[in-house]
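Comments concern the structure below.
The values are calculated or read from the model by the stated rules, or taken from the named source; none is laboratory data. Small disclaimer: the values here were computed from a predicted structure and weren't measured. As a convention, Cβ positions derive from the backbone with ideal geometry for all residues, glycine included, and neighbour counts pool all protein chains shown.
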């Protein structure tokens, strides 16, 4: 089980969190995208072997969404950030 | 009848208490042992050699090791214990213990299946894959037969009677193993002030110091170990555990420790989950057996195991032993066994030139040394009678030496399991012919024999260094150096010897005793093209038995490396996975058993509902809810029908408290709702509410529910019980990550409110009877409005909604008033036939109305237009979550599934949820599926079976016929609009 340093609560066990998905900004104007571009946004993620920036929810803690930089290969957690304001 | 202990030595035995006898049974015979014995040592004390039959060939087997490595002495505990596959070598003896051998019938002495051993030339590696997979019927037919022949113990049928618990622990340093290296590491870190945990699977600290005459600081090693343990126990920053196995090493230095004999007598077993800042692995090394013909006969034993028997338990595993080795460690072992009174006429050393000092010591004690010789085979089936000692290049030559014990040592394998589990790759050490820890990938280091440093002085030094380095890394001041004196280490001088040639071509030389894998099996696998060690493992099953290859793996790798003409390091090891030794389900469950497996959430009314005789079921989000309230003599189906009828003819009342509830405050709530629901919100008047579909970004239903505007900037939204958690996560994600600029506060208030829904034509008079603080008249309090008023004197938020399609008032009061509300409504409703209603009746009513539910029609394909809820979508209001995907659905076009109603021709046939639909008259064999039943029920209000379905192009099929393709039954049905009761909705709006 990973230890995730929540920027608000400090180091906590992974099972307090929910992993959502890679950080992919929502298109500002979805209507301007083609069907293909839109489905690419909805369904196709990079799913890299290595470092990835993800959205995690500290559900059983502060209930804040945070950004976690995690290595899918080595399971290292490099750093976490609060949600951008 | 109790027998004497013929093989108990007259003196010695550091772990046993001779003053007290313990009686136990093995295979029905009563024996006697002592406290401190293991079952294995007590069996040896009683001269029991044959303890089990092997996994595949049913060959007789005896005790091989003295610890967790044991592949043979795996027993079934009877009676109260009722536990399979227990290693006799680690099971503490206790009064009344009863165990028996596994994998034999009728008994271990005469096992009918032993005939398999004679047939074994027909059963090479991969036999089962090659044979049964291709035959008619395949593995599904032969599997159960083969499994009955193989397999080990019998799974217990009763719940684990033991009291187990789990415990979390945080420490600066976890030390695995309390041998010389581990004790030194713990001492250094503890003196430096770190919080230390040290765990060892043995009954007492010391590790190998318990098994020999080694001295530390001028006193016996075991005494030194006890002294260090006492100092550790006196320190407040140390937790020291005996009989505690570090079983698993997981990410980010999370380790599990299974403590099998906690000091608290009311706990039988405890699972520690330890998060350690640093880990010192000091798990020692395990002696390897040698691979030679019939090396599995009872009486062939690891040299170190024989020494442990003598030193710890004062039992003699044999009277006359022949030893065979490829390294220096066996010389001292043999001398100590001779000292203890075991006759050892001969030591065969495969090496041509062992060190002269050792040779001289051996000669002084009259043990004959045969250089360049090995044991090439043994005589005897149920017990060793003699050993053939010959040069490996002439295995049939040499001499036959009578003996009842063959002691072997094929070198030492560091216990690198935890290092490997941590994610690191072990490296091959050709000097010591073993795998040693490679580069660390987590905050861990290895010290002593598990680091390939074989020798007491090396262990003491490395342990201390590991401890001081851990101190420094964690910011503690390392204590002054303290490495006690001891004799110089003897080099191991091991000469790799993976297999000794056999004098007989068909003789079996076992690599893996637990799974009956022979050296020949490894070679067959190589010949058939399996080259990766992982593939060879799976094909031959070497390393996949109960001992997980602790004894055999390195020999298997060595034999494979010779077959491949590669170095063992190039072949590499298979991955070691947790746990190190088997962990009982009981301790994994801990106290989370029975009622506590899944603690149920309760509403304020759950107690009242149970008292009213409700049948409870596990609903969403951890709630237990009433399915129905049967009266005396009533079946559940009758109760459901009565409740559903009462709601449409009189009034019903149900506990809606589990519904998810969220309060939203802020100037941007309307804009936010516009973006998260498919319909429009900014035009909603204060005091009114609306039904909405909340979509995912893919345009599919996330949840549906009603939302009310309590004030200009104050909103209340309801979510489905099971979806409430997802909705909460979804909304918070959007607010925090996607639109942080929106000024919205979201608060989950689900459990703060009791929600009681009163529905039915009499709902209004019931509520008035209970005392409503404001007018309930339709013009004053219309459909889809929310009013703050008192009900029965309790401040309440009352909503007019339509969950069942009837006139409904949802009364929300602070949860602390919930019971009072329930009682007041019950009393007021009595004259009007108000009845409590369970979830089943409300689902019947929703099915009658054709109300779609996230849990039924929300299948990840259906969009709101498909579900007939296009009226709840505003494509022109601007962007919202899911809108672009709905546009895409329209662009793609094609056949869409629609929600429709079904009336089975047989009015009594209720199709089960999920039943496929096919065209009327479709062929019997594999017809194309055109939809499925999403919910079906018997409707007491329609008086027949009804169903909702998701059907391709369903709206165009209305008034047509399809067939419900149930199991063994085709039921024709009429396709209808998805509404069977009050299509105009005048009841709920009235």
Which condition from (1) in contact with a strand residue (DSSP E or B) (Cβ under 6 Å, 6 or more places away or on another chain); (2) buried (at least 21 other Cβ atoms within 10 Å of the Cβ); (3) part of a loop (DSSP other than H, G, I, E, B) is the one that residue B:555 breaks?
(3)
Of those in the stretch B:776-796 that are without any contact (Cβ under 8 Å) to a residue 60 or more places away in the chain and more than 25 Å from residue B:663 (Cα to Cα), the residue surrounded by the most Cβ atoms within 10 Å (Cβ to Cβ) is B:777
Residue in the stretch B:424-445 that is in contact with a helix residue (DSSP H, G or I) (Cβ under 8 Å, 6 or more places away or on another chain), surrounded by 20 or more Cβ atoms within 10 Å (Cβ to Cβ) and within 14 Å of another protein chain (Cβ to nearest Cβ) present:
yes
Taking the stated definitions as given, is residue A:56 touching a strand residue (DSSP E or B) at 6+ places or on another chain (Cβ under 8 Å), within 12 Å of chain B (Cβ to nearest Cβ) and more than 28 Å from residue B:424 (Cα to Cα)?
no
From the list B:896, B:884, B:820, which residue is at pLDDT 95 or above and within 14 Å of chain A (Cβ to nearest Cβ)?
B:884
Which one of B:79, B:36, B:67, B:28 is under 20 Å from residue B:511 (Cβ atoms), touching a strand residue (DSSP E or B) at 6+ places or on another chain (Cβ under 9 Å) and surrounded by fewer than 23 Cβ atoms within 10 Å (Cβ to Cβ)?
B:67
Only listed residue being under 24 Å from residue B:805 (Cα atoms) and away from every other protein chain (no Cβ under 14 Å), chosen from B:926, B:867, B:922
B:867
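For the stretch B:575-617, enumerate the residues that are outside any loop (DSSP other than H, G, I, E, B) and in contact with a strand residue (DSSP E or B) (Cβ under 6 Å, 6 or more places away or on another chain).
Those that are outside any loop (DSSP other than H, G, I, E, B) and in contact with a strand residue (DSSP E or B) (Cβ under 6 Å, 6 or more places away or on another chain): B:586, B:587, B:601, B:609, B:615, B:616, B:617.
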Of the residues in the stretch A:1-38 that are in contact with a strand residue (DSSP E or B) (Cβ under 8 Å, 6 or more places away or on another chain) and free of Cβ contacts under 8 Å to residues at least 24 places away in the same chain, the one that is nearest to the other protein chains (Cβ to nearest Cβ) is A:1
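Okay, residues lined up against (1) in contact with a strand residue (DSSP E or B) (Cβ under 7 Å, 6 or more places away or on another chain); (2) away from chain A (no Cβ under 14 Å):
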| residue | (1), (2) |
| --- | --- |
| B:234 | no, yes |
| B:237 | yes, yes |
| B:242 | no, yes |
| B:246 | yes, yes |
| B:251 | no, no |
| B:264 | no, yes |
| B:270 | yes, yes |
So is residue A:78 within 12 Å of chain B (Cβ to nearest Cβ) and either loosely packed, with under 14 Cβ neighbours inside 10 Å or part of a helix (DSSP H, G or I) (or both) or not?
no
Restricting the stretch A:39-51 to residues that are loosely packed, with under 13 Cβ neighbours inside 10 Å and either without any contact (Cβ under 8 Å) to a residue 12 or more places away in the chain or not in a loop (DSSP other than H, G, I, E, B) (or both), the residue that is nearest to the other protein chains (Cβ to nearest Cβ):
A:43
What's the number of the only condition in (1) assigned to a helix (DSSP H, G or I); (2) more than 14 Å from every other protein chain (Cβ to nearest Cβ) that residue B:664 fails to meet?
(1)
I'd like to check something: does the stretch B:695-709 contain any residue that is assigned to a loop (DSSP other than H, G, I, E, B) and more than 14 Å from chain A (Cβ to nearest Cβ)?
no
Test of understanding: among B:928, B:911, B:904, which residue is in contact with a strand residue (DSSP E or B) (Cβ under 9 Å, 6 or more places away or on another chain) and free of Cβ contacts under 8 Å to residues at least 40 places away in the same chain?
B:928
Just one of (1) touching a strand residue (DSSP E or B) at 6+ places or on another chain (Cβ under 8 Å); (2) more than 15 Å from residue B:496 (Cα to Cα); (3) free of Cβ contacts under 8 Å to residues at least 60 places away in the same chain trips up residue B:342, so point out which.
(3)
For residue B:921, state whether it is closer than 23 Å to residue B:865 by Cα, without any contact (Cβ under 8 Å) to a residue 60 or more places away in the chain and assigned to a loop (DSSP other than H, G, I, E, B).
no
Any idea which residue in the stretch B:210-226 is modelled with the highest pLDDT, counting only those that are under 17 Å from residue B:339 (Cα atoms) and within 40 Å of the chain's Cα centre (by Cα)?
B:210
Filtering the stretch B:534-544 for residues that are surrounded by fewer than 23 Cβ atoms within 10 Å (Cβ to Cβ) and in contact (Cβ under 8 Å) with a residue 24 or more places away in the chain leaves a count of 4
